[in-house]
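The values are calculated or read from the model by the stated rules, or taken from the named source; none is laboratory data. Treat the numbers as computed from the prediction; the structure is a model and nothing was measured. All Cβ positions, glycine included, derive from the backbone under ideal geometry; neighbour counts span all protein chains shown.
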Amino acid sequence: MRTCTFAMRIALAILTLAVAVAHADGPGEKLYNEFVETGQIYGDEAWQSYVRRLGERLLAQSKDAGKQYHFHVLDNSVVNAFATGDRYIFVNRGLIAFLRSEDELAAVVGHEIGHVVARHTRRQRTANIFGKGVGIVAAILTGAGNLYSVSDAATKAYVSGYGREMELEADRLGGEYLARAGYNPLAMIDVVQVLKDQELFAKRVERRPATYHGLFASHPKNDKRLHDAVAYAQNLLPETTTEPVADFWDLVDGLMYGDEAVMGRVIDGKYYHGGLRVVVEFPEQWTISNPQAAISATAPGGRETAYIEIGRHPWQKRQSPEKFLTQRLRRDDIVSGEAVEINGMEGYVGETSTEGSDAKLKMIGVLYRGKDVFLFTGAAGPKGDPETFRQDFLATMHALRNMTPEDAQLANERRIKVIVAEPDVTYADLARNTPIRRFPEETLRLMNAGHPHGEPRAGNYIKIVQ
């Protein structure tokens with residue numbers, strides 16, 4: 001009787017543990033929640049529905065058919081897509097902007113499903129990196145300067161991909177899903193070419209390294225094993241034609257392009273940072289500048305009246321905001337202060353000594369948002385009013401918040417427009433009327449699979465940016 005009871009207890013404990021594990025937040029769910037919190041899910045439900053339905057069509061052709069997958073489009077201009085072991089697949093709108101058909105989009109999604117089905121995230125042990133979130137969200141975004149930094153280890157793990165063998169396996173599986181779902185498996189090779197064009201453009205035009213994490217570094221377009229896998233998949237095409245999920249070109253028309261606010265943008269007294277996904281509003285009539293190291297704002301009378309600066313520091317270890325100031329930054333000039341909570345963010349605000357300066361009041365504050373630490377400093381100068389500055393400083397701290405999809409729409413005005421190419425039109429002609437500032441002709445050519453020397457063909461759909 002004792003043995004039976006003990007066995008039942010063991011069985012119950014195992015069952016309880018299994019249920020707990022099944023309901024535990026996985027790495028993809030954690031990332032998704034953070035993306036939602038910081039406004040990084042692309043705010044166009046038509047695109048979310050399109051990619052979700054496309055993903056489910058492909059999933060139905062895999063051995064994971066019937067399992068719950070999550071497909072999302074990210075509001076991110078980087079050319080990339082990735083998957084996590086708990087069946088979350090994310091596609092950046094930046095990648096979609098360079099694709100040319102539903103078949104190519106299906107190739108991207110099918111490839112990522114292949115990674116999940118083959119359990120590559122577990123074999124590569126990257127789930128641990130995603131789960132801890134040590135800089136991985138920062139690696140997914142873009143930015144520059146001290147205001148925006150990432151963990152080198154997380155970045156390298158994120159961009160390195162799964163290795164040649166795993167990428168080929170994902171290609172083979174993805175090609176099978178494409179064919180069984182009625183898509184042309186040759187689109188897998190077309191996507192490789194899109195990504196290789198990105199690599200060539202980055203190196204020869206922008207003079208920078210490419211960042212696509214998987215296919216990009218794994219094999220060339222003429223890789224025999226890739227062609228063999230795709231050729232095999234062609235034998236699986238159904239006899240009847242499959243209708244597309246939606247009109248790809250109709251949806252691309254109006255897609256947000258690029259990220260004007262990635263380095264910071266000021267609109268009507270509000271500062272939008274697309275890399276950090278934050279918005280902050282300064283006092284009325286203050287002048288806002290955006291150097292790389294910090295956001296700086298000055299009162300109408302200049303720094304002699306008042307100024308506030310906001311900088312970002314990387315997360316190192318868990319400690320209170322007050323200890324961050326006194327121990328991490330070794331600030332020994334804080335004369336008074338208190339812990340605060342602002343917009344769900346833990347923080348601290350206080351006064352610092354004015355000894356040896358002509359300032360009437362100096363203040364310091366810090367806010368924690370996930371792995372980001374925002375440091376506020378400022379002063380009321382000899383011509384300023386201390387109490388007015390105090391209220392302005394506190395109001396600025398309270399105005400810092402996460403960027404929403406609506407904010408992103410406002411801060412990024414550029415949109416893709418689909419047109420029909422007219423006879424004799426060139427990308428140089430189209431570049432004269434585009435808001436793209438850096439390499440406009442080359443970028444339009446890249447967007448339309450014409451890199452490095454192609455030109456539009458009369459009657460074809462082409463993408464421009466307005």
(request) Need at least 2 residues that are of a type in the set (A, V, I, L, M) per element, so show me which strands (runs of 3 or more DSSP E) inside the stretch 258-308 make the cut, counting only ones lying wholly within it. (result) 265-267, 278-281, 295-298
(request) Could you check how many residues of the stretch 369-390 are within 39 Å of the chain's Cα centre (by Cα) and either farther than 21 Å from D333 by Cα or not assigned by TED's automatic domain parsing to the domain that holds G356 (or both)? (result) 5
(message) Restricting to the stretch 335-378, count the residues that are farther than 20 Å from I295 by Cβ and either charged (D, E, K, R) or surrounded by fewer than 17 Cβ atoms within 10 Å (Cβ to Cβ) (or both).
(response) 15
(request) Being under 34 Å from the mean Cα position of the chain (by Cα) and of a type in the set (D, E) is the filter; apply it to the stretch 215-241 and report the residue that is modelled with the lowest pLDDT. (result) D223
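Does L394 count as touching a residue at least 60 places away in the same chain (Cβ under 8 Å) and under 20 Å from F324 (Cα atoms)?
Taking the combined requirement at face value, the residue does not satisfy it.
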(request) Only residues in the stretch 181-196 that are on the phi > 0 side of the Ramachandran plot count as the first member; pair them with residues that are assigned to a loop (DSSP other than H, G, I, E, B) and of a type in the set (V, I, T), Cβ under 6 angstrom, at least 6 apart or cross-chain, and list the lot. (result) G182/T242
(request) Quick one: in the stretch 24-40, of everything that is surrounded by fewer than 19 Cβ atoms within 10 Å (Cβ to Cβ) and either among the charged types (D, E, K, R) or in contact with a helix residue (DSSP H, G or I) (Cβ under 6 Å, 6 or more places away or on another chain) (or both), which residue is modelled with the lowest pLDDT? (result) D25
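Residues checked against (1) in contact (Cβ under 8 Å) with a residue 40 or more places away in the chain; (2) of a type outside the set (D, E):
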position: T426; (1), (2): no, yes
position: P435; (1), (2): no, yes
position: F439; (1), (2): yes, yes
position: E442; (1), (2): yes, no
position: I462; (1), (2): yes, yes
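Name the residue, out of S357, S289, S296, S336, that is in contact with a Gly (Cβ under 6 Å, 6 or more places away or on another chain), free of Cβ contacts under 8 Å to residues at least 24 places away in the same chain and among the hydroxyl-bearing types (S, T, Y). Please lay out each step first, then the result.
On the way: S357 fails: in contact with a Gly (Cβ under 6 Å, 6 or more places away or on another chain); S289 fails: in contact with a Gly (Cβ under 6 Å, 6 or more places away or on another chain); S296 fails: in contact with a Gly (Cβ under 6 Å, 6 or more places away or on another chain).
Of the residues listed, the single one that is in contact with a Gly (Cβ under 6 Å, 6 or more places away or on another chain), free of Cβ contacts under 8 Å to residues at least 24 places away in the same chain and among the hydroxyl-bearing types (S, T, Y) is S336.
Per-residue answers, yes or no, for (1) closer than 19 Å to R369 by Cβ; (2) in the same structural domain as G347 (by TED's automatic domain parsing); (3) modelled with pLDDT of 95 or more; (4) in contact with a Phe, Trp or Tyr (Cβ under 7 Å, 6 or more places away or on another chain):
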{"residue": "K270", "(1), (2), (3), (4)": "yes, yes, no, no"}
{"residue": "H273", "(1), (2), (3), (4)": "yes, yes, no, no"}
{"residue": "V279", "(1), (2), (3), (4)": "yes, yes, no, yes"}
{"residue": "E284", "(1), (2), (3), (4)": "no, yes, no, no"}
{"residue": "Q292", "(1), (2), (3), (4)": "no, yes, no, no"}
{"residue": "I295", "(1), (2), (3), (4)": "yes, yes, no, yes"}
{"residue": "A299", "(1), (2), (3), (4)": "no, yes, yes, yes"}
{"residue": "T305", "(1), (2), (3), (4)": "no, yes, yes, no"}
{"residue": "H313", "(1), (2), (3), (4)": "yes, yes, no, no"}
(request) Quick one: T242 ticks every box in (1) assigned to a strand (DSSP E or B); (2) surrounded by fewer than 18 Cβ atoms within 10 Å (Cβ to Cβ) except a single one, so which number is it? (result) (1)
